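See structure below.
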């Protein structure tokens with residue numbers, strides 16, 4: 001098993017990409033903290049995964065919540081090897097001047113502030129134990145942006161750049177930082193990204209911009225996260241792996 005003996009924290013793991021990443025990590029031998037604001041959903045996932053999983057409530061935009069989640073994970077597992085900053089949020093696809101400031105701030109709090117908080121919470125632990133792996137879920141929106149999602153696009157551009165600069169600064173500590181940049185996925189945020197009902201006709205419009213002709217599935221993200229988290233990727237840091245069916249070409 002590719003993660004035998006490893007421990008991990010996956011945020012936003014009650015559903016979507018995070019849930020599938022957590023499932024794959026457990027299947028490959030890891031213990032996983034299912035971290036989510038939706039604690040009932042997190043508990044359901046943890047119950048499904050059994051003894052290797054625990055559920056923790058956390059608002060990733062809150063620094064104290066993240067500190068507590070990291071502390072509780074270390075207490076449960078003894079140490080933490082891998083963190084997947086997967087939790088994310090978006091405003092609805094709409095003209096940029098129609099997005100109010102509170103919505104803008106919430107997008108940045110969940111997508112960007114969360115990485116600041118997680119870095120402060122987990123890096124001291126990793127320096128003490130000799131290393132770790134952080135995976136940040138960015139987006140193709142931060143590489144090849146779509147109209148109507150300007151503020152979300154910029155937040156994911158920040159995630160992609162944070163990943164690279166953290167990788168450079170933390171490499172001497174044995175800490176690897178990589179990113180995943182999915183194209184739109186079959187998750188609960190799909191209609192938010194499209195800004196319209198998820199009908200076959202509306203979905204077809206978006207699929208037309210993806211050369212491989214389909215959305216990113218949670219399994220696609222889980223496969224990519226597994227590789228970057230595993231020892232097979234020990235000389236890879238700062239990379240943004242595009243899980244996009246060719247969207248950003």
Query raised in the report: In degrees from 0 to 90, rounded to the nearest 10, what is the angle of the helix 63-77 Cα long axis to the longest principal axis of the chain?
Result: 50
Requested in this report: Please work out the Cα center distance from the range 78-109 to the range 203-249, rounded to the nearest Å.
Outcome: 19
Report task. Specify the inter-centroid distance of the range 125-177 and the range 1-62, based on alpha-carbon positions, in whole Å. Result -> 20
Query raised in the report: With labels modelled as points extended 7 Å from the Cα through the Cβ direction, what inter-label distance (nm, one decimal) is found for residue 27 paired with residue 144?
Result: 2.8
Query raised in the report: Using alpha carbons only, how many degrees (0 to 90, rounded to 10) separate the axis of helix 150-170 from the longest principal axis of the chain?
Result: 30
**Report entry** Sites residue 98 and residue 205, calculated FRET efficiency, Cβ-Cβ separation with R0 22 Å, nearest 0.05
**Finding:** 0.60
**Report entry** Normalised contact order of the chain, rounded percent, pairs of Cα under 8 Å and 6 or more residues apart
**Finding:** 20
Query raised in the report: How would you rank 1, 184, going from fewest to most other Cβ atoms within 10 Å of each one's own Cβ?
Result: 1, 184
Query raised in the report: Where does helix 39-49 land angle-wise versus the long Cα axis of the chain, in degrees 0 to 90, nearest 10?
Result: 60
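Every read-out reported here was derived from the displayed coordinates using simple, explicitly stated rules and does not represent laboratory data. Because the structure is a prediction, the values reported are computed rather than measured. All Cβ positions, even for glycine, are placed from backbone atoms using ideal geometry, and neighbour counts span all protein chains on display.
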